[in-house]
Structures are given as structure tokens and as C-alpha cells.
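Below is one structure, written out as C-alpha cells; the observations come after it.
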Amino acid sequence: MKYIINILKFILKTKGNKNIVNKILNEEKSKNGICGQIDEIIMEDEKNLSKEIKVDELFEICSTIFKEDNLFKILFDDVSIIKYKEEYLEMILLFFPNKEMEQIIKVIKTKLNLDNKAILIELFKNLFRAINLKNKFGFLFLKKVLLKFLEDKSHFINSYKRIENKFEYKNNSLRCKYCFKLPSFLIESEVEKIINIKYKCEHEQIIELDKLKLKQIMEYKLKCNDCQKILLNCNKYSVCSKCKNIVCIFCIEKHFENCINIFFIDIDEIDIKCIEHNEKYEYYCSICDLNLCEYCMKEHFHAIKNEKDICLNNEDIKEFLNVIKSNEKNNEIIITAIENLIKENNYKNNFQFIYFVKKVLGNDIKNRM
């Protein structure tokens, strides 16, 4: 907070935005209940403001401070491409403490003097409502949008649409088109280690018809079931516990009224949470090839293995990839899907996949009652 205050003071001194920045600072002080602390910091460092600081130096400091945070550091990568550095800092600095988009909106309002001001503000509000700040794509999208806005406010709406197109979700892991679940990976031949896939979700019969069209599945544009808008990997989406379909943030309220479901699961958690009970997977049944949560296990009758302590290390993954790649009979698209799954780290809490890897390596996990 001390650093943010000093940067904002630098901006108000060099850009003449004293009233604007002071207003934001006062709101932040009041909200966080640290008025006295901030006032002391301002008084303590007032003498240091006499030294002239270049905005490139500020960016270098920001890069150093946030380099340990995998998400925040994205906002300071490729500094050379950022033309309006001071304005950019002014927009994002108060966003850092609590990831509050409202602070960015306030700064944007001060920079708009256009006939379509209301449209642009609404666009930004919708953008910030939908954006997923738990993954790198959300931060990358935020950065690109803000920089494009500062560069060309008059034609921003068209530019925004072009940016959106670049963030369309690619189905690199052969997920189900409807519920976003991963397929099960199967060994069709134990001797040759030939790999195939099978969908074990509610949409199994629909997708089974496309099973031989793996390229089409990978290239399929995933969409919100209700509004049919293409999914962006920078936005938040959920899966309905009743109909098992993907729903975007703008359709979720109406979908609940129509479907009367129990809950929604964030698609980022679809690999680790049970869509029937909204609980994390903790068990696995090798007979059914199913991940199970605590409640599932009470309803399940087969021998179950508690997978809490089962995991894969880097050597396991490396050996596994060598085995499946060495067989020319394995479908390249399936191998690519597995590689993408590993690259995204989505396998680490998916007991189905862990069991499959162990089986390929000849290290089959035995069930315990």
C-alpha cells in the first residue's frame, strides 16, 4: 500500500490529476480503515518527492515487486510495448490490493469525453464482471484491453472484439462439448499400449457418434448452452448440476430460474469436484473408472481406493510420455490432448488420469476395501 500511494502521488504531481487521485486515495483509506497509517506514510515520504523519477523506473520497480506473483507479473511483461505507462499505472495500481475492478472503472470515466461514453462504460462493466482473475488468461486479457483503450479510445469497441477473438477457448484436451469434462483415457491393447478415449458423462451417447472425428472435437468452439456465445479462456463459466451444461456469468441467473438446479460448479474445478455433490474427489473406483467424492462413496458398492496420497512425479510423467509416443499406432490427436492436459497441470488432482498413467507404466494401483 505504501508503494501504491507513492506511485499515485508521483502521477498526481507530474500529470496534474491531484483532485482525482486524492479522491481515490481517500476512498481507499476509508474503506481499509487505515487512514492514520496512510497519512503517516504520506508525511514521512513527502521530502522524497523532490527527486525526479522516470516512469520507466517505476515500471522496473513494479516488475521487481510483482515478479514473484505469477498473475500480477503479467501486467508488467513486455514493458517496451506499453506507450502510455503513466496512465496505465494509474488504472491498475489500486486494483492490486483486492483485485477490485471498480477502481479501474473510476479512472476510465475520467478519461472519456466521447459521445459513446455510456456504451464504453457498460462494456467495461460487463468485461470486469465476466473476467476470470484466477488464471493467467484473465490477467493477459485485462492488460491487452486496457492498453488498447489508452491507445485508441475512439475505435476501442472494434478493437475489443478483435482482442476477444484471440482468447477463444481451444479444446486442446478433447473436453466434452457440453459439460467440459475430460474424457477417460483407455488402454485398448495392454501389450502395445494403444490409447483411446471414452466419454463417461451424461453426453456420452451424443459424443460417441463423433469419437472417430477427433480433429473436429479438438477444433470445436465451446459455447454457453444458453446464449450460444463462444467461450473465452479469460472469462468465468460454470456447469449446471442438473442439466450438466456450460453456462456463462450473464446467463446464470436466468438459467437457475429455468432449470431450478442445486448449484453450479466453476469449470476450473470440473476436474476435481463432483458435479453431483459439489465436493472434492477423494476416491477412485478402478472397476467403474470413476472419481468419487465422500458422498459418492456412500452410494458405491465396489472396492474403493482412497487416492489422497497417490500422485505423479516428473519422472513418472516423462516416462509415461516416452511410452505412449514411442508407439506409432497411437493417435496423434489423443497424444496431443494428453500433452496439453499435462501442460495445464489439470491432471494432478484427477485420480482417473493418475490411475491411467500408473497402468501404462505397469504400476497398477491395487484396490483396498
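The values are calculated or read from the model by the stated rules, or taken from the named source; none is laboratory data. Owing to the predicted nature of the structure, the values given are computational and were not obtained by experimental measurement. Cβ: placed from backbone, ideal geometry, glycine included. Neighbour counts: every protein chain shown.
A few comments on the model shown:
- Candidate set: segment 238-250, residues that are surrounded by fewer than 20 Cβ atoms within 10 Å (Cβ to Cβ) and in contact with a Lys or Arg (Cβ under 9 Å, 6 or more places away or on another chain); chosen: the one nearest to Ile131 (Cα to Cα): Ile249
- Residue in segment 119-126 that is touching a Lys or Arg at 6+ places or on another chain (Cβ under 7 Å) and either in contact (Cβ under 8 Å) with a residue 12 or more places away in the chain or not β-branched (Val, Ile, Thr) (or both) present: yes
- Complete set of residues in segment 124-143 that are among the charged types (D, E, K, R) and crowded, with 17+ Cβ neighbours inside 10 Å: Lys143
- When the test is whether a residue is part of a helix (DSSP H, G or I) and under 21 Å from Lys148 (Cβ atoms), Leu112 does not pass it.
- Any hit, segment 76-83, residues being modelled with pLDDT of 80 or more, under 23 Å from Met101 (Cα atoms), part of a helix (DSSP H, G or I) and in contact with a helix residue (DSSP H, G or I) (Cβ under 7 Å, 6 or more places away or on another chain): yes
- Residue check for Glu328: at pLDDT below 90, among the acidic types (Asp, Glu) and under 30 Å from Lys242 (Cβ atoms): no
- Listing of strands (runs of 3 or more DSSP E) fully contained in segment 189-280 that carry 2 or more residues being modelled with pLDDT of 90 or more and at negative phi: 237-240, 246-248, 264-266
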